[in-house]
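Comments concern the structure below.
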Protein chains: 2
Amino acid sequence: MKLYDYFRSSAAYRVRIAIELKSLDVERIPVHLARGEHRLPEYLAKNPQGLAPALELDDGTIIIQSLAIIDYLDALAPRPLLTPKDPLLAAKARGVALAIACDIHPLNNRRVLDYLREKLGQDESGVDAWIHHWALKGGLEAVERLIEPGPFCFGAQPTIADVCLVPQLFAARRFATPLDALPKLLAVEAHCLAQPAFAAAEPSRQADAE
Amino acid sequence: MKLYDYFRSSAAYRVRIAIELKSLDVERIPVHLARGEHRLPEYLAKNPQGLAPALELDDGTIIIQSLAIIDYLDALAPRPLLTPKDPLLAAKARGVALAIACDIHPLNNRRVLDYLREKLGQDESGVDAWIHHWALKGGLEAVERLIEPGPFCFGAQPTIADVCLVPQLFAARRFATPLDALPKLLAVEAHCLAQPAFAAAEPSRQADAE
């Protein structure tokens, strides 16, 4: 399998954590978003959304969307299972994962920030205010109230919630989002990053890191 | 079970379709987003994100995020199963569902449009340009290329992809988004809306519709 990856993409970072937790052998192919490689026809032929990540199976089939890729990897290599078998625990973990993946990340990713700058004429202070607003309000502040640390987001095993939380906190710090009011999230993050699989997936440790 | 619902929310509309397809008995409790009922302390105590929908189980447990709710309902009442058992078909259906739920809907929902108007001073033409851009680019135009109609998005049975597509097309029309270049999506939508379960979930048929 091949992962179309970008070191700084928090959606790609999620998939890298899952790959490392499951000790899967996946080739990484960098798609340099800042240089527009995701808009090249060769890449759009693979992923019409023009976003990273995408997973290419050995027969050429493409799976898009980080959470769909991670669910596929859960079926392929269930140890560890990132969406728990218990339906209620699964719902709680998915609820947090989706709160991050739907209601924080897409509002603060590169294509949206470019639109704010280029089409709405926002300067960096306007862009920063936007980033911090969506990261916190109804976002990480809500996640702080939803998790039940033990010491991962939901108990003693990592789930899809942790896999989404750690990259989103990385992105929040990149944009200097104030995180002091989120002690439970910071404790979960510290616990996660002490695990070799989470650490190996960090953006700074990728071959395409700048 | 109770569903905290809002007739015009496309995320709530997804859950209503799932409930109707599975013939579940779920009480609907309207949360009037336009009147700010989602920001009242009683509702925030249930869903810290302050978004609709949320599902309340009979013991008071709350499940948030439409796709987490639908996965929970799939476990509770697997007929019909909205995420197929086959891992590859599941990945394709989830890929389309998440392309809509992550990369279109959150950019165009009420709270974001309010921010554009109130904090970025956008007039209605600026807001419309934003809505149409995110609905189409990397959004519905990509989904048009990803689905494999048969006559639902992926074969002869409805999946999570159809459950997300139909409400997003409803939202697109509400904002007069041009859909002429999306013939596959329009054909799937027409097929879905001819099914009683999809039709019963339509916003105009809800008790809180205006």
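The values are calculated or read from the model by the stated rules, or taken from the named source; none is laboratory data. Just so it is clear, the model here is predicted, and its values are computed rather than measured. Backbone-built Cβ (ideal geometry, glycine too); neighbour counts: all protein chains shown.
Tabulated results
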| item | result |
| --- | --- |
| Residue A:89 among the hydrophobic types (A, V, I, L, M, F, W, C), more than 10 Å from chain B (Cβ to nearest Cβ), closer than 22 Å to residue B:63 by Cα and more than 17 Å from the chain's Cα centre (by Cα) | yes |
| Identity of the residue in region B:104-135, within 11 Å of chain A (Cβ to nearest Cβ) and farther than 20 Å from residue B:34 by Cβ, that ends up surrounded by the most Cβ atoms within 10 Å (Cβ to Cβ) | B:104 |
| All positions within region B:46-65 that are out of contact with any strand residue (DSSP E or B) (no Cβ under 9 Å at 6 or more places or on another chain) and under 21 Å from residue B:110 (Cα atoms) | B:50 |
| From A:55, A:51, residue being crowded, with 18+ Cβ neighbours inside 10 Å and part of a strand (DSSP E or B) | A:55 |
| Tabulated pairs, region B:31-56, first not assigned by TED's automatic domain parsing to the domain that holds residue B:112 and among the charged types (D, E, K, R), second part of a loop (DSSP other than H, G, I, E, B) and surrounded by 13 or more Cβ atoms within 10 Å (Cβ to Cβ), C-beta under 7 angstrom, 6+ apart or interchain | B:37/B:31; B:39/B:50; B:56/B:1 |
| Within region B:189-210, tally of residues that are in a helix (DSSP H, G or I) and crowded, with 17+ Cβ neighbours inside 10 Å | 6 |
| Positions within region B:64-89 being assigned to a loop (DSSP other than H, G, I, E, B) and of a type in the set (Val, Ile, Thr), in sequence order | B:83 |
| Whichever residue in region A:60-87 is of a type in the set (Ser, Thr, Tyr) and touching a residue at least 24 places away in the same chain (Cβ under 8 Å) and, among such residues, is nearest to residue A:159 (Cα to Cα) | A:83 |
| Residue, surrounded by the fewest Cβ atoms within 10 Å (Cβ to Cβ), within region B:72-98, restricted to residues that are more than 19 Å from residue B:150 (Cα to Cα) and out of contact with any helix residue (DSSP H, G or I) (no Cβ under 6 Å at 6 or more places or on another chain) | B:79 |
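Residue by residue, here is whether (1) modelled with pLDDT of 95 or more; (2) touching a Ser or Thr at 6+ places or on another chain (Cβ under 9 Å); (3) not β-branched (Val, Ile, Thr) holds:
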position: A:135; (1), (2), (3): yes, yes, yes
position: A:141; (1), (2), (3): yes, no, yes
position: A:147; (1), (2), (3): yes, no, no
position: A:152; (1), (2), (3): yes, yes, yes
position: A:164; (1), (2), (3): yes, yes, yes
position: A:191; (1), (2), (3): yes, no, yes
position: A:203; (1), (2), (3): yes, yes, yes
